[in-house]
Amino acid sequence: MAGRAVRLVPDRGPGVAESALPAEYQRILTAVRQAAGPVATRQIGEVLGLEVGVRGKLEPLRGKLTKLADRGWLHKRPDGKFTARP
């Protein structure tokens with residue numbers, strides 16, 4: 001296992017429970033699921049209590065949302081908004 005990176009955010013797949021995600025990522029996923037439709041990073045930031053008026057505060061969240069989308073937990077739409085995958 002030497003030199004092998006451990007992924008904090010696993011790929012979504014059979015046998016991979018949402019509980020395998022770090023707590024912060026679980027909160028993000030829950031916030032997206034509870035939204036009435038596609039959500040922007042700013043909207044999720046508001047739900048999570050971040051300072052959405054400070055652009056630098058949203059960039060790390062945008063990265064986490066994108067990582068969840070890249071790993072199959074969320075869907076990133078062409079307009080940059082996110083939706084939950086069924």
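The values are calculated or read from the model by the stated rules, or taken from the named source; none is laboratory data. Every value quoted in this text rests on a predicted model; they were computed, and no experiment measured them. All Cβ positions, even for glycine, are placed from backbone atoms using ideal geometry, and neighbour counts span all protein chains on display. Keep in mind that these areas ignore ligands, DNA and RNA; they rest on the heavy atoms of the full protein, side chains included. Shrake-Rupley method; radii C 1.70, N 1.55, O 1.52, S 1.80 Å.
What to note about this one:
- Matching residues, segment 62-81, being without any contact (Cβ under 8 Å) to a residue 12 or more places away in the chain and either surrounded by 12 or more Cβ atoms within 10 Å (Cβ to Cβ) or outside any loop (DSSP other than H, G, I, E, B) (or both): Gly63, Thr66, Asp70, His75, Lys76
- Check on Gly13, over 15 Å from the mean Cα position of the chain (by Cα) and assigned to a helix (DSSP H, G or I): no
- Scanning segment 16-40 for residues that are open to solvent by less than 50 Å² (accessible area, probe 1.4 Å), at pLDDT below 95 and outside any loop (DSSP other than H, G, I, E, B) yields a count of 0.
- Near pairs, Cβ below 6 angstrom, 6+ apart or cross-chain, from segment 29-48 (without any contact (Cβ under 8 Å) to a residue 60 or more places away in the chain and on the phi < 0 side of the Ramachandran plot) to any residue that is among the polar types (S, T, N, Q) and surrounded by 15 or more Cβ atoms within 10 Å (Cβ to Cβ): Pro38/Thr83
- Options Glu59, Glu51, Glu46; residue that is charged (D, E, K, R), surrounded by fewer than 12 Cβ atoms within 10 Å (Cβ to Cβ) and not in a loop (DSSP other than H, G, I, E, B): Glu59
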